[in-house]
Amino acid sequence: MAHIQDQIRKLQSSLSEHVQLVAVSKTKPVSMIMQAYHAGQRVFGENKVQELQAKYPEMPKDIEWHMIGHLQTNKVKYIAPWIHMIHAVDRMKLLREINKEAEKAERTIDCLLQFHVAEEDTKFGLDIQEAIEILDSDEFQRFENVRICGVMGMATFTENQDQVRREFQHLKTIFDQLKTRYFHNTESFKEISMGMSGDYKIAVEEGSTMVRIGSTIFGARNIH
Ligand SMILES: *Cc1c(COP(=O)(O)O)cnc(C)c1O
């Protein structure tokens, strides 16, 4: 257990102040998450609504919970009243639902647009054209309860570091294009969520502002 606190402290001190650490606690029990909390960690990421729902009431209320996984439209309502950020917005239908549920909860929800930059076609995400369609739409202009804060992506799971680097560079390019075209005057559009345990160092070199790190902190997960 001391391992968790050590890892949190090590990561927190190695990352620059411009890079936020999202501690990915999926599959891990509250007792382990509390170890990270006691080391000062306040930002946690989960990829399943059910797990978020189970953990949220059990944990201190100054935690910022980030939903980092694929989100089903019909589950948005369960997390809308308190979720801090939704990383994987990959379709208009989802954004519409988040806006609706955020309005009901009388709040604004921070969102990232997820882009498909990896080679594997199993991963979710928009391409630039699809993002442009959303951002150009009249409907999007009317959304008052979502705030697009940036982009998110995952690199291919490969030993090939050049490929990983190219994919992160691609995501940074997308961020820059959207910033110029749509969010030039929007201060809150500033996040590039990229980098996991195996590739976060490359991600940070390529401009990441949020790394999502699980197994380095909490140990390997059982596959389920
Ligand atoms: C699980 C997960 C992570 C963390 O992965 P590790 O390799 O354990 O650091 C990051 N991002 C997403 C979207 C995940 O699902």
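Quick notes
- 14 Å beta-carbon shell around His184, net charge (K/R +1, D/E -1): +1
- Across the range 200-207, computed HN-Hα scalar couplings (Karplus, 6.51 cos²θ - 1.76 cosθ + 1.60, θ = phi - 60°) run 5, 5, 5, 4, 5, 4, 9, x Hz from first to last residue, x flagging Gly and Pro.
- Inverting the pair-averaged 1/r between distinct Cα atoms of the chain gives 17.8 Å as its Kirkwood hydrodynamic radius.
- For the range 115-147, the list of GluC sites (Glu not before Pro) that fall in a loop by DSSP and count at most 15 other C-beta atoms within 10 angstrom reads Glu119, Glu120, Glu144.
- C-alpha center-to-center spacing [the range 55-93, the range 152-217] in angstrom: 20 Å
- Nearest-20 debye value, the range 111-150 charge dipole, Cβ charges on Lys, Arg, Asp, Glu: 280 debye
- Placing +1 on the Cβ of every Lys and Arg and -1 on the Cβ of every Asp and Glu, with nothing else charged, gives the chain a dipole about its Cα centre of roughly 700 debye.
- Sorted by Cβ density within 10 Å, fewest first, the residues His184, His87: His184, His87
- For the range 208-218, 3J(HN,Hα) per residue [Karplus equation, 6.51 cos²θ - 1.76 cosθ + 1.60, θ = phi - 60°, Hz, x = Gly/Pro]: 4, 10, 8, 10, 10, 10, x, 5, 4, 8, 9
- Amide H to amide H distances under 5 Å link Leu126 with Gln114, Phe115, His116, where only residues 5 or more positions off or on other chains count and H is placed in the peptide plane.
- Amide H partners (placed H, <5 Å) of Ala88, local residues excluded: Leu112
- Taking 7 Å steps out from each Cα toward its Cβ at Asp6 and Thr108 produces label points 4.3 nm apart.
- Scanning residues 5 or more positions from Val43 or on other chains, those with amide H under 5 Å from its amide H are Ala23, Glu64, with H placed 1.01 Å from N in the peptide plane.
- Summary value for the chain: 19 percent relative contact order, contacts being C-alpha pairs under 8 angstrom separated by 6+ residues.
- Value at 222 nm in deg cm²/dmol, rounded to 500, when DSSP H runs of n ≥ 4 in the chain each add -39,500 (n - 2.57): -11500 deg cm²/dmol
FYI, it's all coordinate maths here, none of it is from the lab. Given the structure is predicted, the values throughout are model-derived calculations rather than measurements. Glycine also receives a Cβ, built like all others from the backbone with ideal geometry; neighbour counts cover every protein chain displayed.
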